[in-house]
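Encoded as structure tokens, the structure appears first; notes follow it.
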Amino acid sequence: MDYQADVLVAGGGSSGVAAAIASARQGAKTILIEKNGYLGGTATASLVTPMMPNQSKGENLVAGIYQEVLEGLAKRYAGSERFSDNNPGWVNPELLKAYLDEICRENNVQVFFNLDLIDAHVGSNRIQDVTCFFNGEKPVFKADMFIDASGNADLSHLAGVPMLSDPGRQAMTLRFLMAGVDMPKLAEWIQSVDPQMKNSAVYHHPNGHWMLSTAHTLDGPGWVLRPYFEEGIQEGLIETAEAAYFQIFSVPGMPGTISFNCPRIKTDQPLDPLNPTDIEYAYRMGRQQVIRTANFCKAKIPGFETSYLSQIAPQLGIRESRRIQGKYVITDEDILACRKFPGEAVAKSSYPIDIHQASPNADKGGLQKLKDGDYYEIPLQALEPVNRDNLLVVGRCISASFVAQSSLRIQAVCWNMGESAGAIAAKRSQQNRISI
Ligand SMILES: Cc1cc2nc3c(=O)[nH]c(=O)nc-3n(C[C@H](O)[C@H](O)[C@H](O)COP(=O)(O)OP(=O)(O)OC[C@H]3O[C@@H](n4cnc5c(N)ncnc54)[C@H](O)[C@@H]3O)c2cc1C
């Protein structure tokens, strides 16, 4: 089985879907290959339900396909909602899967599911074709231009692109959902323990849904939920690892469901997302921690009394692994100085540096905000590998320092760079054909 495209996109997460749609809209025959049986990547498989805000002076920095998807999702399925801070990005992961199928089909993207990319054939600094694994078969895909949107930079790695990575510096997280939560009771409790909304947000949407969020960490003072977590530890319901980081969000279109951005996987040593033994440990430990956290919530947090664990993410949440060596490497300073790249920018971001401490001895975690109201830009050269002429890389694996990646990895930014790269790849493929 051989297939041919103008542009082939490997990986159907935020950046890959955006790239494929943008490429197809330029008239390029576009194939999107995805190893899961659905699109969305980390947003759907790892249940990362809130797309973090990416704003400057109250305005969203990303429009285009990202905005279209969120609006289309809200309109057709009531799946996405605008929070009180104007962030449009809280999504329902199940409805997102269905909507991404629809929008890819409408835009003539040819999607292949359950294909695992396993090889890349390179000649004269160009990828000639890639091989996938599908039910014991090895279909081959040829294309003029390739886009690596695999998160772990699988395609770039297979094509011999050098990497900058030092994996294991960000914590991994196994996210989960609890259903049957009494939302008005939970909202009332959050408002009573955190009346200043220091670590929380509560919003009663005009459609009657409660949109809320709260968080706790063991870092520093001022975390209003601390007494509850200390009690949980004393009573043996949770361990310090579960108390170290806790964050919850309501989910649009799922009344009574709470999405957890925790637990961080408990470990004394950095865990390498590219090491299969570490991955087995992370899933096993993560599921134990999920159950402890769920039991703690039922026992200690008003509103959770009759709730139940409804889903553990099928895919471990990996914040960073491989990052490619590109023609430009985005630095920590570029982020903190809000550097712009006139004429070269493919995405904008105002999101802070955001490191989740991986283990007690690892890099100190925390948020480091940018200058108020300002943002930085991502240049095209950070998407271009040093040694492959017909490959662009998008999403969390672009060419950046570890610290810079911790900021640019959020979904809105992945959509933004994916859209730019898809359009550029389509144009380059057309130019290649004209010059042949
Ligand atoms: C625990 C956690 C919490 C987070 N919280 C937030 C948050 O609150 N808000 C926010 O905006 N961002 C958050 N992020 C970051 C954000 O979700 C990710 O960085 C972003 O979704 C990555 O998008 P991507 O397109 O680069 O990759 P992904 O979404 O990971 O997509 C990669 C796709 O490629 C596919 N793939 C991989 N390898 C292959 C292969 N060999 N063959 C075929 N297909 C392949 C995968 O199945 C997947 O669908 C969080 C991340 C994690 C892990």
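Summarised in one figure, the compactness ratio Rg/Rh of the range 176-312, Cα atoms and Kirkwood Rh, is 0.98.
For the range 348-436, what D do you get in µm² per second when you plug the Kirkwood radius from alpha-carbon pairs into Stokes-Einstein at 25 °C and 0.890 mPa s? After rounding, the answer is 166 µm²/s. A straight Cα-to-Cα reach below 19 Å connects residue 35 with the lysines 97, 138, 142, residues fewer than 8 places away in its own chain not being considered. Quick note on the range 14-120: its Rg to Rh ratio, both from C-alpha atoms and Rh being the Kirkwood radius, is 0.98.
Pull up the cross-link candidates among the aspartates and glutamates for residue 298, meaning alpha carbon to alpha carbon under 13 Å and not fewer than 8 places away within one chain. Within the straight-line cut-off, residue 298 pairs with 182. Does the range 1-75 come out rounded, prolate or oblate, given a ≥ b ≥ c as the square roots of the eigenvalues of its C-alpha gyration tensor, rounded meaning a/c under 1.5 and, failing that, prolate meaning a/b above b/c? Oblate, because a/c is 1.5 or more while a/b does not exceed b/c. Taking amide H atoms as placed 1.01 Å from N in the peptide plane, the amide H of residue 346 lies under 5 Å from those of 378, 380, each 5 or more residues away in sequence or on another chain.
Which residue, 209, 157, 121, tops the fluctuation ranking in a GNM of the chain built on C-alpha contacts under 10 Å? It is 121. Altogether, the Stokes-Einstein calculation at 20 °C and 1.002 mPa s, with the Kirkwood radius of the chain over Cα pairs as Rh, returns a diffusion coefficient of 97 µm²/s. Calculated FRET efficiency, residue 125 and residue 2, Cβ-Cβ r, R0 25 Å, to nearest 0.05? The formula returns an efficiency of 0.65 here.
Springs between Cα atoms under 10 Å define the GNM used for the chain, and in it the highest mean-square fluctuation of 279, 335, 258 occurs at 279. Any chance you could give the angle, 0 to 90 degrees and rounded to 10, that helix 93-106 forms with the longest Cα principal axis of the chain? Taking the Cα atoms of the chain, the angle to 93-106 is about 20 degrees. Pairs exceeding a 21 Å alpha-carbon distance, out of 29/427; 198/340; 266/364; 57/340; 57/369; 340/364: 198/340; 340/364. On a 0 to 90° scale, report how tilted helix 276-300 is relative to the longest principal axis of the chain, with both axes built from alpha carbons and the result rounded to the nearest 10. So the inclination is approximately 30 degrees. Extension gain, residue 386 to residue 118, is 94.3 nm, computed as 0.36 nm per intervening residue step minus the present C-alpha separation.
Per residue, the average separation of C-alpha pairs within less than 8 Å and at least 6 apart gives the range 176-312 a relative contact order of 34 percent. Partner aspartates and glutamates whose Cα lies under 18 Å from the Cα of residue 185, excluding those fewer than 8 positions away in the same chain, are identified as 194, 305.
Between residue 137 and residue 287, the modelled label-to-label distance comes to 3.2 nm, taking each label 7 Å out from Cα in the direction of the beta carbon.
Since every read-out is calculated from the coordinates, none of them should be taken as a lab result. Source: prediction; values computed, not measured. Neighbour counts are summed over all protein chains in view; Cβ atoms, including those assigned to glycine, are modelled from backbone coordinates with ideal geometry.
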